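Peer 1: Quick one: this structure, given as structure tokens, is what I'll be asking you about.
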């Protein structure tokens, strides 16, 4: 019997993890997030794919509503046709009639389209019996570029330039796949601003011993004295054995960012992440210039809503590294477009993760970039936190400071049924009054 592989239905569930009271995920701009996922399932006669978006709690309902509005666009279409010609699909999903006005090229609709796209690529990879990164790495440069819409980045990266980058990396793919599967990719761990200094030090010690991670990101930006006290305590306890990154989560003006980070220079900081507004290309460039003598790099990307703004940061000299996010833009194809812009302009890609499901998605993106796009793996590092990993059926694995290349067919692969049921908002059992929330790490 012939199976059409047409999409029969697309559903979405509102999944939220009520961690606000534990300060998990807290930073200078977001003191009490509930890591949350619009959880999308795409159903065909041949199977199901699952994908997620990511929010900090409230806002999940808007992305879920946008998924329901966009879903009919894809009903009845074949999965292979969608993937093969994704450039055209991208234009359709990025331009929802009447709704586009509220946030063109970004916002809830773009994130909803990304969650749907993540689910479609999860199903596409499962049907090929490969993890997504490896399924993508089996494509030709022509097949990869057919998925990409260059309309808003053509002046910074043409289709022909993208093809040249991909063709140059075809040789040696098999060797790089072998290296990746045997070694994984270096990663760092993120700590939270709501943790006390003693708790922070103990967490670093425990993560270093258990996961072998020696690079840690510290949230800063609430008070300078607070930052100095915590960074000083880390250096006194661990000396120079650790690499330290910092993250301000957008709270500063340009001048504040330069002055604040100059005041933290003595603690040996590797980078400052999101020092100011996430769409401030010129602001980031000025901060980068202002910190040049300190050796502190400037990075951003997790709140960059689309590939064309990402391209401006990368090509405009505003960042030292760019942090793609698996759920901010429209799925793997748009992230691949950002990777290609970065490859042309010599900017390393260091994916943002840490949130529920992000730790599981970004190793696929980093692996594909390593195998097929990036001219060098130097300075590439992947964020991994892991406290939501136990909720997913194929959690990211970190050993000896490196995250393993995903091996199970699919992309997200799935959320454990008991987790989806327990954390469904607002009627899941974990949302009932009096329930105790537990953090998990893989």
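The values are calculated or read from the model by the stated rules, or taken from the named source; none is laboratory data. On a predicted model such as this, the values are computed, not experimentally measured, just so you know. All Cβ positions, glycine included, derive from the backbone under ideal geometry; neighbour counts span all protein chains shown.
Peer 1: Under 8 Å by Cβ, and 6 or more places apart or on different chains, what pairs join a residue from the stretch 359-383 that is under 14 Å from residue 173 (Cβ atoms) with one that is at pLDDT below 95?
Peer 2: 369/380; 370/377; 370/380; 374/380
Peer 1: Among the residues of the stretch 90-97, are any touching a helix residue (DSSP H, G or I) at 6+ places or on another chain (Cβ under 7 Å) and closer than 21 Å to residue 39 by Cβ?
Peer 2: Of all residues in the stretch 90-97, those touching a helix residue (DSSP H, G or I) at 6+ places or on another chain (Cβ under 7 Å) come to 90, 92-94, 96.
Keeping just the survivors that are closer than 21 Å to residue 39 by Cβ gives 93, 96.
So far as the stretch 90-97 goes, yes, one or more of its residues are touching a helix residue (DSSP H, G or I) at 6+ places or on another chain (Cβ under 7 Å) and closer than 21 Å to residue 39 by Cβ.
Peer 1: Quick check, is residue 234 at pLDDT 95 or above, in contact with a strand residue (DSSP E or B) (Cβ under 9 Å, 6 or more places away or on another chain) and assigned to a loop (DSSP other than H, G, I, E, B)? Even if it seems obvious, please write down each step before you answer.
Peer 2: On the way: at pLDDT 95 or above: yes; in contact with a strand residue (DSSP E or B) (Cβ under 9 Å, 6 or more places away or on another chain): yes; assigned to a loop (DSSP other than H, G, I, E, B): no.
Answer is no for this residue.
Peer 1: Ok, one more. Can residue 426 be described as assigned by TED's automatic domain parsing to the domain that holds residue 340, surrounded by fewer than 24 Cβ atoms within 10 Å (Cβ to Cβ), at pLDDT below 95 and not in a helix (DSSP H, G or I)? Reasoning before the result, please.
Peer 2: Working: assigned by TED's automatic domain parsing to the domain that holds residue 340: no; surrounded by fewer than 24 Cβ atoms within 10 Å (Cβ to Cβ): yes; at pLDDT below 95: yes; not in a helix (DSSP H, G or I): yes.
No.
Peer 1: Moving to a separate point now. Within the stretch 1-116, which helices (runs of 4 or more DSSP H) (wholly inside it) include 1 or more residues that are more than 26 Å from residue 149 (Cα to Cα) and within 22 Å of the chain's Cα centre (by Cα)?
Peer 2: In the stretch 1-116, 60-70 are the helices (runs of 4 or more DSSP H) which contain 1 or more residues that are more than 26 Å from residue 149 (Cα to Cα) and within 22 Å of the chain's Cα centre (by Cα).
Peer 1: Something else about it: Are any residues in the stretch 301-317 over 23 Å from residue 85 (Cβ atoms) and either assigned by TED's automatic domain parsing to the domain that holds residue 86 or touching a strand residue (DSSP E or B) at 6+ places or on another chain (Cβ under 7 Å) (or both), and if so, which ones?
Peer 2: 301, 302, 313, 314
Peer 1: Turning to a different aspect of this structure: Return only the number of the condition from (1) without any contact (Cβ under 8 Å) to a residue 60 or more places away in the chain; (2) surrounded by 14 or more Cβ atoms within 10 Å (Cβ to Cβ); (3) part of a helix (DSSP H, G or I) that residue 311 does not satisfy.
Peer 2: Failing condition for residue 311: (1).
Peer 1: Look at residue 161 and say whether it is at negative phi, surrounded by 13 or more Cβ atoms within 10 Å (Cβ to Cβ) and over 24 Å from the mean Cα position of the chain (by Cα). Walk me through it before giving the result.
Peer 2: On the way: at negative phi: yes; surrounded by 13 or more Cβ atoms within 10 Å (Cβ to Cβ): yes; over 24 Å from the mean Cα position of the chain (by Cα): yes.
So residue 161 fits the description; yes.
Peer 1: Let me spell it out: the conditions are (1) exposed (fewer than 15 other Cβ atoms within 10 Å of the Cβ); (2) at pLDDT below 90, and residue 33 meets all of them except one. Which number is the exception?
Peer 2: (1)
Peer 1: Only residues that are part of a strand (DSSP E or B) and either touching a residue at least 60 places away in the same chain (Cβ under 8 Å) or not assigned by TED's automatic domain parsing to the domain that holds residue 210 (or both): list them for the stretch 386-423, please. Talk me through it step by step, then tell me what you get.
Peer 2: Step one: filter the stretch 386-423 for residues part of a strand (DSSP E or B), giving 388, 392, 398-399, 402-403, 410, 415.
Across the stretch 386-423, the qualifying residues are 388, 398, 399, 402, 403, 410, 415.
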